[in-house]
Structure formats: C-alpha cells, structure tokens
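A.B. asks: Handing you a structure now.
The values are calculated or read from the model by the stated rules, or taken from the named source; none is laboratory data. Treat the numbers as computed from the prediction; the structure is a model and nothing was measured. Don't worry about glycine lacking a Cβ; one is built from the backbone with ideal geometry, like all the others, and counts go over all protein chains shown. For accessibility, only protein heavy atoms count, side chains too; no ligands or nucleic acids. Shrake-Rupley method; radii C 1.70, N 1.55, O 1.52, S 1.80 Å.
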Amino acid sequence: MHQAHKSESGRLLSLAWPLIIGQASNVGMSFVDTVMAGRLSALDLAGVAIGSVFWNSLMLFLVGVLLTVPAFISNYDGAGRRSEMASFVRQAAWVALGLSAVLIVLVLQARPVLSAVGVEGEVIPQAGGYLDGIVWGAPAMASYLVLRMLCDGLGRPRPTMYIGILGMALNVPADYVLMYGKLGFPALGAHGCGLATAVVWWTQLLVILVYLNRARAYRFLELFSRWELPRAAPIKEILTIGIPIGTAIFVESSLFMVATLLMGSLGATAVAGHQIALNFSALMFMVPLGISLAITVRVGNAAGRDDRPQVRFRGQVGLGIVLATQSISAALIFLFPAAIAGLYTADGAVIETAVALLLFAAIFQVPDGVQIAAASALRGIKDTRIPLLLMIFAYWVIGIPLSYWLGIQLGRQGEGIWIGMIAGLTVAAVLLSRRFFRLTR
C-alpha cells in the first residue's frame, strides 16, 4: 500500500506541478496589479481590490462551467473515445463565448451595484475604471480557457504553463506603461491596470491557437479541420454538468466578494489591507488549485474506466497531499506577515491592517485547500448538484451571515469578517470531503 501511495503521489504531482505554475502565473498577474496599484496610492489599490473581486466573482462562474472540459476530456481519454474530443471542444467554445457576452453585460452594471452595497464613493470611480478596462478581454479569456483546459484534460499542462508565464511577464510592462503613463500613453491608474490584463489575454489566446495548430501532439484532434455551428445536445450536456460547478464556484467566490465589499464600507485603508491579505492567500491557493485540477483528471480517468477503487484511492491521495501543502502555506504566512505586507506597499497604516488580517489568512489555508480538493474529486465523477447545495449552506448560510454579524453588527471589523470566511470554508471542507468518501465507499 505504501508503494501504491508513493506511485500515485508521483503521478499526481507530475501532472500537478505545471498546473500549479500555470495557475500561479495567472494569479501572479493579480499580484503584479496589486503591487503596482499599491505604489500609486491606497485609493488606487482599493479600487483595483473592489473591481477585481467584482470581476472575479462573475468570471469564476464562467470558469466553473468550463471546468467540465478537463473532466469530459479525461473521461473520453480513459474510455478510448478520443475521436469525440474535437467536436466537444468546439461546442465548449460556443458556450464560452456566450457566457463571456453575459459577463460583459453584468460588468457594465457594476457602478450602481457597488454604490448600493455601500462601497465608499471615492473608491467607486477607481473600481469602475478598472472594470471598464478589463471587460475588453472577456471573449479572449473565455476562449483561451477552453483550449487551456483541453491541454489539462489530456494530461499535457506544460504548454499552458509556459503561456501563463508569458502572460505574467507581459503584464509587468503593460501595467507600467498604462498605469503610470509611459511611452507616450496617459497615466490611466486603475483603468490602465484593467486594460493591461485585457491585452495580455488576447495575446495568450493568439499564442495557444498557433501552438495547437502546429504541435504534433495535438494533430490527432484535427481541432481546426472544420467549422461547427452550435448544437443543442452537447451544449445542454456541458451546461447540465457545468452550471452547478459554475454556481458552486460563484457561491464560494461570493464569500470573498461580500467580505471585500463589507471591508469597502470601512474605508480605503481597511480594504487595501484586506486586499493584500486576500491576494497573497490567492497566490498560495494556486498550489492546492493546481493539485486539485490534477485530481479531477486522475479521478476522471479512473471513472472513465469504471475503476471505482482507483477513483477513491486517487481522491484520497490528492486530499492528503493538499493537506500537507496547506500546512506549509499556513506556517509561512503566520511567521512572516510583516514581510509579506511590505511587498505590496510602504503605507504604514495599510501594512498594520494587512498584518492583522494575514494571521487569519494563515488559519484558513487548510480548510480552503481541503474544500477545493474534495470538490475537484467530486467533479471527476461528475457529481455537481449536491456539492452545490453543500456549498450554498456553507457559504451563504454560515460564512456570509457570520462575517456580517461579527464584522459589522458587533463592530469587530476586519477580524470578524475573516472569522466568518474561515467558518464557511471549514464547513465546506468537512461536508465535501464526507460526500466524496461516502460516494466512493
């Protein structure tokens, strides 16, 4: 049994490490945005924080729906049905473009929503400017995600790892030019930050299209050999599985969105410190997220072969690895909060707020990692509806009300808001893990 665990751990980590780097490069763009906004002013940082959490909460629904792609591709691969992959990807691309159009419409309504939930008036123009810029990249981001997840589902994540690194490298000069006003461009601040991200997404889409068209490893797909109009049956299948996943991820992200909006009612300094703690936590989260994407592929491949003992075993190994990595992340944040905050800003008040919140961020590392690993294992067996209900309970019945009650009603501010987030994540981790082990008993 020890040898079997060692062998599966090796296979999982071999698949996961390029995914981790690829995901980290995506969040690295957000890290760069946050650092460069922090060097402008606390107000710009607060605007990017509010704008990005609003954008991410909506975008993650789209991402969640498209997480059906690696699950289906790995199932097709395990079942020996490779001939069906290209058509599936074409239909998934139509779904992605449709969802990106909906995303654009919703983002354009951001300002009145931010005003209605009580975000301070001085922050709203900055947040709106960021969203006005980033929304131009929505179609490219959605199309790129489909192709990236095709590579992940085939167990070939390295190309997207390199493209992700390229995107992060491009984001630095793009931010510098558009935010600070260089090379003849005006200084656009938070708006330039959003535009820079949109430019990077269009570049990444172009690169992956060229790669998939030329790479020998993907020629068997004949992905670009013909054009397909949207077809009801495969799109319905994608949405039937994907909408519960997208909704579940939106429910989870809404916990962080509401927490940030609640912090926004406490002023620019409070939300800037919160953004630092949340952004660094998101960077650390890329490790369990990358492993979890690999868990979906490994579990989905075993499910495609109808090998139920391997389904349980692979999920169990993945959960164990995530538990270990998150314990390391928690220790890192707990030991060096001031150094972490200092990476983002030199503002003493913002650093003080961030350090206090980073201690709570250290606590939620473990439940945050376990819940995404368990949810990903369940996606590998296409179990999505009940996990959605479990997440709604954890985040909307437990996490968000507790954050509001402790942080706003009882006046514990950032501390109370983060305690509510920790409670919601912990309940989700317990319920999702229990469901996976019950279904694979």
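A.B. asks: Listed residues V135, V146; which is open to solvent by less than 10 Å² (accessible area, probe 1.4 Å), assigned to a helix (DSSP H, G or I) and out of contact with any Lys or Arg (no Cβ under 8 Å at 6 or more places or on another chain)?
C.D. replies: From the options V135, V146, the qualifying one is V146.
A.B. asks: Can you name the number of the only condition in (1) over 28 Å from P157 (Cβ atoms); (2) touching a Cys at 6+ places or on another chain (Cβ under 8 Å) that D175 fails?
C.D. replies: Of everything listed in (1) over 28 Å from P157 (Cβ atoms); (2) touching a Cys at 6+ places or on another chain (Cβ under 8 Å), D175 misses just condition (1).
A.B. asks: Quick check: is even one residue across the range 300-313 surrounded by 17 or more Cβ atoms within 10 Å (Cβ to Cβ), without any contact (Cβ under 8 Å) to a residue 24 or more places away in the chain and out of contact with any Gly (no Cβ under 6 Å at 6 or more places or on another chain)?
C.D. replies: Yes, the range 300-313 has at least one match.
A.B. asks: Then there's this: Taking into account only those residues within the range 222-263 that are of a type in the set (D, E) and either touching a Ser or Thr at 6+ places or on another chain (Cβ under 7 Å) or not in a helix (DSSP H, G or I) (or both), which is farthest from Y76 (Cα to Cα)?
C.D. replies: E228
A.B. asks: Quick check, is V427 open to solvent by less than 50 Å² (accessible area, probe 1.4 Å) and in contact with a Gly (Cβ under 7 Å, 6 or more places away or on another chain)?
C.D. replies: Considered against the rule, which asks whether it is open to solvent by less than 50 Å² (accessible area, probe 1.4 Å) and in contact with a Gly (Cβ under 7 Å, 6 or more places away or on another chain), V427 comes out as no.
A.B. asks: Moving on. Would you confirm whether or not the range 322-335 contains a residue that is within 20 Å of the chain's Cα centre (by Cα), crowded, with 23+ Cβ neighbours inside 10 Å, of a type in the set (V, I, T) and in a helix (DSSP H, G or I)?
C.D. replies: Checked against the condition, which is being within 20 Å of the chain's Cα centre (by Cα), crowded, with 23+ Cβ neighbours inside 10 Å, of a type in the set (V, I, T) and in a helix (DSSP H, G or I), the range 322-335 yields at least one hit.
A.B. asks: Exactly one of (1) in contact with a Phe, Trp or Tyr (Cβ under 9 Å, 6 or more places away or on another chain); (2) crowded, with 23+ Cβ neighbours inside 10 Å is unmet by L62. Its number?
C.D. replies: With respect to (1) in contact with a Phe, Trp or Tyr (Cβ under 9 Å, 6 or more places away or on another chain); (2) crowded, with 23+ Cβ neighbours inside 10 Å, L62 is out only on (1).
A.B. asks: Please state which one of A259, A215, A268 is in contact (Cβ under 8 Å) with a residue 40 or more places away in the chain, in contact with a Gly (Cβ under 8 Å, 6 or more places away or on another chain) and of a type outside the set (F, W, Y).
C.D. replies: A259
A.B. asks: Identify, from the list L388, L358, L319, the residue that is under 22 Å from P70 (Cα atoms), touching a Pro at 6+ places or on another chain (Cβ under 6 Å) and either touching a residue at least 40 places away in the same chain (Cβ under 8 Å) or β-branched (V, I, T) (or both).
C.D. replies: Criteria check complete, one pass: L388.
A.B. asks: Check off (1) buried (at least 19 other Cβ atoms within 10 Å of the Cβ); (2) under 25 Å from M29 (Cα atoms); (3) modelled with pLDDT under 85 for A346 and give me the number that stays unchecked.
C.D. replies: (1)
A.B. asks: Quick one: what pairs do we get from the range 167-179, first residue under 17 Å from G22 (Cα atoms), second open to solvent by 20 Å² or more (accessible area, probe 1.4 Å) and not hydrophobic (A, V, I, L, M, F, W, C), C-beta under 9 Å, 6+ apart or different chains?
C.D. replies: G167/N26; G167/T203; M168/N26; L170/T203
A.B. asks: I'd like the full set of residues that are hydrophobic (A, V, I, L, M, F, W, C) and surrounded by 21 or more Cβ atoms within 10 Å (Cβ to Cβ), limited to the range 154-167.
C.D. replies: M161, I163
A.B. asks: Condition test on L293, is it modelled with pLDDT of 85 or more and farther than 30 Å from Y404 by Cα?
C.D. replies: Here the answer is no, as L293 does not meet what is asked.
A.B. asks: Considering (1) touching a Phe, Trp or Tyr at 6+ places or on another chain (Cβ under 7 Å); (2) in contact (Cβ under 8 Å) with a residue 60 or more places away in the chain; (3) not acidic (D, E), say which one A110 fails and leave the rest.
C.D. replies: Unmet condition: (2).
A.B. asks: Now for a separate question. Could you check R158 against (1) more than 20 Å from G22 (Cα to Cα); (2) modelled with pLDDT under 85 and say which number it fails?
C.D. replies: Exception for R158: condition (1).
A.B. asks: Here is a list of conditions, (1) at pLDDT below 80; (2) part of a helix (DSSP H, G or I); (3) open to solvent by 40 Å² or more (accessible area, probe 1.4 Å), and L266 meets all of them except one; can you say which number that is?
C.D. replies: If we test L266 against (1) at pLDDT below 80; (2) part of a helix (DSSP H, G or I); (3) open to solvent by 40 Å² or more (accessible area, probe 1.4 Å), just (2) comes out false.
A.B. asks: Still on this structure, please answer the following. Looking at (1) closer than 17 Å to D383 by Cα; (2) surrounded by fewer than 24 Cβ atoms within 10 Å (Cβ to Cβ), which one does I295 not meet, given that it meets all the others?
C.D. replies: Here I295 meets the rest and fails (2).
A.B. asks: Taking the range 185-200 on its own, how many of its residues are loosely packed, with under 12 Cβ neighbours inside 10 Å and touching a helix residue (DSSP H, G or I) at 6+ places or on another chain (Cβ under 7 Å)?
C.D. replies: Here the count works out to 0.
A.B. asks: Next question. Filtering the range 201-252 down to residues that are within 30 Å of F54 (Cα to Cα) and of a type in the set (D, E), which residue is least open to solvent (accessible area, probe 1.4 Å)?
C.D. replies: In this case the residue turns out to be E252.
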